[in-house]
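Heads up: the structure comes next, in structure tokens.
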Amino acid sequence: MIGAAKRRLTSPAFAEDAAEEMVASRSFWADAGRRFLRNRMAVVSVGMLGLLILFALFGNLLARWTYEEIDWNLLGRIKEEGGPSLSNGHWFGVDELGRDLYARTVQGTRTSLMVGFVAGPVSVLLGATIGALAGYYGGRFDRTVLGAYTIWLAIPYIIFFVVWQAFFGRSLGQMILVIILVNWTAGLLIVRGQVMMLKNREFVDAARMLGMSDLQILARHLAPNILWVVVIYTSLVIPEVIMAESLVSFLGVGIQEPNTSLGALISAGAATMTFGTLWQLAFPAAVFVIAQVSLFYIGDGLRDALDPKER
Amino acid sequence: MLTVTDAHVTFEVAQTKRWPWSPPGIVHAVNGVSFTLKAGRTIGIVGESGCGKSTLIRAVAGLAPLAQGRVTLDGQRVDYGSRASMQRLRSRVQMIFQDPIASLNPRMTIREIVAEPLGFFRPEMDAEARRDAALAMLDRVGIPATQANRFPHEFSGGQCQRIGIARALVAEPKVLLCDEPVSALDVSIQAQVVNLLKALQREIGLALVFVAHDLGVVRHISDEVLVMYMGATMERAPAGALVRDPQHPYTRALLSAVPVPDPRVKVAPQMLEGDLPSPLDLPEGCLFRSRCSRAVAECGAARPPMVPTCSGEAACIRLPAPA
Amino acid sequence: MLSVETLRIRFRTGDGLVHAVNDVSFRVGAGEKLAIVGESGSGKSQMALAVMGLLAKNAEAEGRVLWEGRDLLTLPPAEMNRIRAREIAIVFQDPMSSLNPYMRIERQLTEIVEQHEGLGRAAARARALEVMDAVRIPEARARLRAYPHELSGGMHQRIVIAMALMCRPKLILADEPTTALDVTVQAQIMQLLSEVQRDLGTSVVLITHDLGVVAGFCEEVIVLYGGRIMEQAATLPLFERPAHPYTRGLLRAVPNVEDPADELIAIPGSPPSQRAFPTRCPFAPRCVDAIESCRLTLPELTGGRACLRPVEELT
């Protein structure tokens, strides 16, 4: 009995527990970070996504061709000699026009990640801001926002894409802009709900007793309390946005050639699949799957780490 | 120093509307309450849930709209529409709340929480002076300064209420509005908080408005007690006299129902039969008459005025004759 | 009838184990009224849930809960369901959450008996009217057609008690039945419970934090602190001569309406941590009478009190 107690007292686990007791305090975010790091799959996914980002940023340095150059030597013999090869420098092979698929995949990954990491957070921020104001003020403003939200959901976004790009062109910037516009509703309802719940908490009354203005209360007292929702929601919207971009590119209304995106590459690869050039589908699809799966697990890890109900 | 005269508070409620443009229903939450609070004294407000006691002090604090009536602070009328007047009110009148944990922002350390009011009411203080004042205040309410970097969820309910008190008092107000400050706490902790409030009151001459449904606590802390029912004052009297010799039939019913922790005392609660009137459509006459055992036809004629009793006043036309 | 033997309840949480109930034993005989008094974190509600087999999924219960010879902790769910419906009934603190807002009162009352006793519509309705009469609900026939939101808070709790009585249970567990109610309504509900108990001979276990409610209702009282029994005694001696420092402290801390106001005597400190199974008196850190040995040994319940100091030496 005493022996066991002694062993416990000298064990590293006990030292750990004792240290934990003495730590002055951990903030919510430090706590969440610790929980996130304990989630193996999420940490591995962060690594995978990091590699993918490095690939998109610096992959060009390893390419021997640019993404628009046509390798005239291979034209006409793509099926036989256009496959992945170390000798001719086409690591991923060439596409059906004889362009280097490696360089094009780097370019496509860059486009897709750009769209995801710019359009996703910006549209959530936009929706969250509108939702926070609607939830806080309620009344007529809230009803108007909800009405607009409902009407917006009824508009098929593909049509919006086609019309927008017919007018404003198909550049990357336009692509991101139109995705933000289509997705302004992201995060709106969930943040509105959170604000409606939190604004009745007594700490908001206490803030009002200090003479704080509504915007000060929203920024200083409510925003830190809904940030976790926004973070989780953003992590869900990013892969969704990448998927949406890929879908419209797959349908042929996406980004302008010779620029490309993962969706456009997959589309092209799928079209030529029957001719036996399977690599044209396989490489872009693999990158796309890696991106989606790691984003999914990161989102999952964030949800577990941040959602107070999970504890 | 704080006088409330004929306070009325109403709320609009979207009842099941026939048309989008039909008028909303109006809830009469507070219907003409007056009281005067002197410096360093305590006035208790008791009543059952929904009697408007919390709404009344929230209106005094400016957290609910005052539909009618007047609030004066140190002889000066409070103008709830003016920024300057509100700032003056808030620097002198602060509030503590019912739910000790929900009243603290979970993302701020308790030092930040307690220091925050100083940024508004003591703009001349620099960050370090604010921090020191916050630590001193925390120490004063019994939270060691070594714990000041912790977050609210690391404290128990009673400690959170102490922190709430520290936040309210750090900028040295003269009046503290207490909205059911101990009803969420355990009995043993309740007594700690009540004693702390009394000690602080003695030390800094604080005046308290203490709202609670627990007559025992209110009786203990208050000099004078106001009994509310359906948003109106039923009786006002010094705490001791109110408990010893209640005049109004509602006060009597309320007192008779209070459980006594002594098995030898046989509690014989007066049953309040009958339904409460709807606050959407207040009846003429005495608001309590639908449940009053002494009610007669005249009670429905007009809202009874406050009439003096031997030690206070009560709103009833059928008070027992003074002994 | 009900006999709880060395019951332990633990919870697995994200932050480690929480020891809610630690070796609690008591018995309730037929027709008895027992009160279990404790503050938040004393484990009183978890005990009721354990008896009903309603503990949360992350809870583990050890020990035995014997109901007429059968251990409820090891009973298969189907058996437990039958006992829960017909023999032991529970009344929760919040009457609103015990009632289905979309069902008429009649359906809520009759559903249980129709299912478990195979009563027909008419018989079930007759039983409902009988029970509503027992809980003094006026105009019972009209109220049967009502939905919960059409009734007042006090009426809700009467309906919930009526629901509990529908199957004529032998034991009612009332978990803070009046905490959500106003004093005037509380007095009515407590009087009602007491009349029902007297008329039907049902045993009642009243779980509460309010010593005032206990004084007027129960014959025997168990005082819990930190998941352990501090004192167990008949009501009158417990209130007249409390033999445990915690009971004494609790009684002193209640502000009395009748007594002229002196300083309230608070119990210093904070509620106990439940991270570890207690190895010393859980109340010792807050106890004015604690001596060195109180901080080292865990007092057993002997002679109705779990305290190392003799009664005469307590302040």
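Please label the shape of the range B:223-318 as rounded, prolate or oblate, based on the square roots a ≥ b ≥ c of the eigenvalues of the alpha-carbon gyration tensor (a/c under 1.5 means rounded; beyond that, a/b larger than b/c means prolate, else oblate). Oblate.
In what order do A:D304, C:D133 fall by count of nearby beta-carbon atoms within 10 Å, going from fewest to most? Could the numbers behind the result be given before it?
Numbers: A:D304 17, C:D133 12.
Fewest-to-most Cβ neighbours within 10 Å comes out as C:D133, A:D304.
For chain A, set up a Gaussian network in which alpha carbons nearer than 10 Å are linked by springs, and say which option among A:S171, A:S85, A:S235 fluctuates the most. Highest fluctuation of the listed residues: A:S85. Each of A:L75, A:L236, A:W91 was scored by the projection of its Cα onto the charge dipole of chain A, and the greatest displacement toward the positive side belongs to A:L236; charges sit on the C-beta of Lys, Arg, Asp and Glu. Placing a pseudo-label 7 Å from each Cα along the Cα-to-Cβ vector at A:N73 and A:R220 gives an inter-label distance of 6.8 nm.
The angle between the Cα long axis of helix C:77-86 and the main principal axis of chain C comes to about 80°, on a 0 to 90 degree scale. Against the main long axis of the alpha-carbon atoms of chain C, helix C:121-134 sits at an angle near 50°.
Would you mind working out the magnitude of the charge dipole of the protein assembly as shown relative to its Cα centre, with +1 at each Lys and Arg C-beta and -1 at each Asp and Glu C-beta, to the nearest 20 Debye?
Here the protein assembly as shown has a charge dipole of around 460 debye.
Over chain A, with a Gaussian network built from C-alpha contacts below 10 Å, which listed residue (A:Q292, A:Q194, A:Q216) shows the highest mean-square fluctuation? Taking springs between Cα atoms under 10 Å, the residue moving most is A:Q216.
Which of rounded, prolate, oblate describes the range C:97-166, given a ≥ b ≥ c as roots of the alpha-carbon gyration tensor eigenvalues and a/c under 1.5 marking rounded, otherwise prolate only if a/b is larger than b/c? Prolate, because a/c is 1.5 or more and a/b exceeds b/c. The modelled label-to-label distance for the pair C:S25/A:L172, using points 7 Å beyond Cα in the direction of Cβ, is 7.6 nm. The distance between label points at A:W29 and A:V289 comes to 3.7 nm (points 7 Å beyond Cα on the Cα→Cβ vector).
In chain B, the longest principal axis of the Cα atoms and the axis of helix B:157-169 are about 80 degrees apart.
The range B:10-67 and the range C:187-224 have Cα centres lying 36 Å from one another. Close amide H pairs (under 5 Å, H built 1.01 Å from N) link B:M228 with B:V46, B:G47, B:M234, residues at least 5 positions away or on another chain.
Give me A:E245, C:E292 sorted ascending by neighbouring Cβ count inside 10 Å, so fewest comes first.
C:E292, A:E245
A Förster radius of 45 Å combined with the Cβ-Cβ distance from B:R122 to B:R294 puts the calculated FRET efficiency at roughly 0.25.
Each of A:Y102, A:Y136, C:Y102 has some number of other Cβ atoms within 10 Å of its Cβ, and from fewest to most they run C:Y102, A:Y136, A:Y102.
Given R₀ = 25 Å, FRET efficiency for C:S273-B:T146 by Cβ-Cβ distance, to 0.05?
Once rounded, the FRET efficiency stands at 0.90.
Please label the shape of chain A as rounded, prolate or oblate, based on the square roots a ≥ b ≥ c of the eigenvalues of the alpha-carbon gyration tensor (a/c under 1.5 means rounded; beyond that, a/b larger than b/c means prolate, else oblate). Oblate is the answer for chain A, as a/c is 1.5 or above yet b/c matches or exceeds a/b.
Evaluated over the protein assembly as shown, the count of Lys pairs having alpha-carbon atoms less than 20 Å apart is 10 (only pairs 8 or more residues apart or interchain). Size of chain B: Rg and Dmax of its alpha carbons, in Å, are 21.1, 67. Under a model in which nothing but the beta-carbon of Lys, Arg (+1) and Asp, Glu (-1) is charged, the range B:37-182 shows a dipole of about 400 debye around its Cα centre.
Secondary-structure-derived ellipticity at 222 nm for the protein assembly as shown, considering helices only, amounts to -13500 deg cm²/dmol, per-run term -39500 (n - 2.57) for DSSP H runs with n ≥ 4.
Suppose every K and R has +1 on its Cβ and every D and E has -1 on its Cβ; what is the size of the dipole of chain B about the Cα centre, in Debye to the nearest 20?
220 debye
Every number in this text was worked out from the coordinates using simple rules, so none of it is lab data. Keep in mind the model is a prediction, meaning the values are calculated, not measured. FYI the Cβ positions are ideal-geometry reconstructions off the backbone, even for glycines, and counts take in every protein chain you see.
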